[in-house]
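Let me begin by presenting the structure, written as structure tokens, before commenting on it.
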Amino acid sequence: SLEPAPLFLYCAGYNEGYYVQFGFRALVPEEMPRSLRRISRVSNAILPILSALTNEQHRLVVMGRGLD
């Protein structure tokens, strides 16, 4: 891989399994960079409302690799 470690991404919950095959894992807020932690917090406040309105599960997952 040409990307320097660590590498972060955020994706829809249904894509989480796809990125695991590339060595990414879901992160807890304490492991996230501040900017992604903010995005995660705002999304986790809004997406449950969207889920209730659409009767579909919406979830944002922040993932990273090369953190260990």
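Rule-based calculations on the coordinates, nothing more; no lab input. Note that the structure is predicted; figures quoted are calculated from it, not measured. Cβ: placed from backbone, ideal geometry, glycine included. Neighbour counts: every protein chain shown.
Computed over the Cα atoms, what is the radius of gyration of the chain divided by 2.2 N^0.38 Å, N being its residue count?
With N residues counted in the chain, Rg over 2.2 N^0.38 Å equals 1.18.
Test of understanding: what is the full-extension gain from residue 60 to residue 45, defined as 0.36 nm times their sequence separation minus their Cα-Cα distance? Before the final figure, lay out the partial values.
Details: separation 15, 0.36 × 15 = 5.40 nm, distance 1.06 nm.
In short, 4.3 nm is gained.
Chymotrypsin sites (Phe, Trp or Tyr not before Pro) within the chain: which are DSSP loop residues with at most 13 other Cβ atoms inside 10 Å?
Numbers: sites: 8, 10, 14, 18, 19, 22, 24; in loops: 22, 24.
Filter output for the chain: 22.
Remind me, relative contact order of the stretch 7-65 in percent, using alpha carbon pairs under 8 angstrom and six or more residues apart? Before the final figure, lay out each step's value.
Working: 63 pairs, mean separation 35.7, N = 59.
Over the stretch 7-65, the number comes to 60 percent.
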